[in-house]
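The values are calculated or read from the model by the stated rules, or taken from the named source; none is laboratory data. Since this is a predicted model, take the numbers as computed values, not measurements. Here Cβ is always computed from backbone atoms with ideal geometry, including for glycine, and neighbour counts include all displayed protein chains.
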Amino acid sequence: MEKAIYFDATEDTPKVVLDKEKMKFEISGRSLPEDAEKFYETALNWMRNYANEPSSFTDFNINLEYFNSGSVKQVLKILITLEKVVKNGGKVSITWFYNQDDELMEIKGQEIKSILKIPFHLKIIE
């Protein structure tokens, strides 16, 4: 397993940081890749491997300004791998950041929270 994955943000793709050693887990920016499944494939595979040997605590931050429907599906798959982290003895916390006036991102966060069976917090960016 690679120790870490770093993708820099572009106009259409988010910054992705998955770093077990630094205990930093983040997806942020705009997520509008033409092929979301292909874009997130490396990150999803990394998270699946990580779930087998997780850190004692995983604090995963999601701070997306905007995303397309394909991205939502892939981000959810990544977050679902965190349920396996808990099954393997790790503690997990997800924080979904959204702008105070962005009702759509708040609603999407609430929807994802209702699907997951792990600690999930919504946090307003003022």
field: All positions within the range 44-61 that are under 14 Å from the mean Cα position of the chain (by Cα) and touching a residue at least 40 places away in the same chain (Cβ under 8 Å)
entry: TRP46, TYR50
query: Can you name every residue in the range 13-53 that is polar (S, T, N, Q) and within 26 Å of LYS123 (Cα to Cα)?
result: THR13, SER28, SER31
- prompt: Is it the case that some residue within the range 25-35 is polar (S, T, N, Q), closer than 21 Å to LYS108 by Cβ, at pLDDT 95 or above and in contact with a helix residue (DSSP H, G or I) (Cβ under 6 Å, 6 or more places away or on another chain)?
  reply: yes
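Test GLU26 against the stated conditions and say whether it is charged (D, E, K, R), touching a Gly at 6+ places or on another chain (Cβ under 7 Å) and on the phi < 0 side of the Ramachandran plot. Even if it seems obvious, please write down each step before you answer.
Values: charged (D, E, K, R): yes; touching a Gly at 6+ places or on another chain (Cβ under 7 Å): no; on the phi < 0 side of the Ramachandran plot: yes.
No; evaluated as a whole, the condition is false for this residue.
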- prompt: Mind checking which residues of the range 9-23 are touching a residue at least 24 places away in the same chain (Cβ under 8 Å) and either farther than 25 Å from ILE107 by Cα or of a type in the set (A, V, I, L, M, F, W, C) (or both)?
  reply: VAL16, LEU18, LYS20, MET23
statement: Selection over the range 105-126 where residues are of a type in the set (Asp, Glu) and either within 14 Å of VAL72 (Cα to Cα) or modelled with pLDDT of 95 or more (or both) yields a count of 2
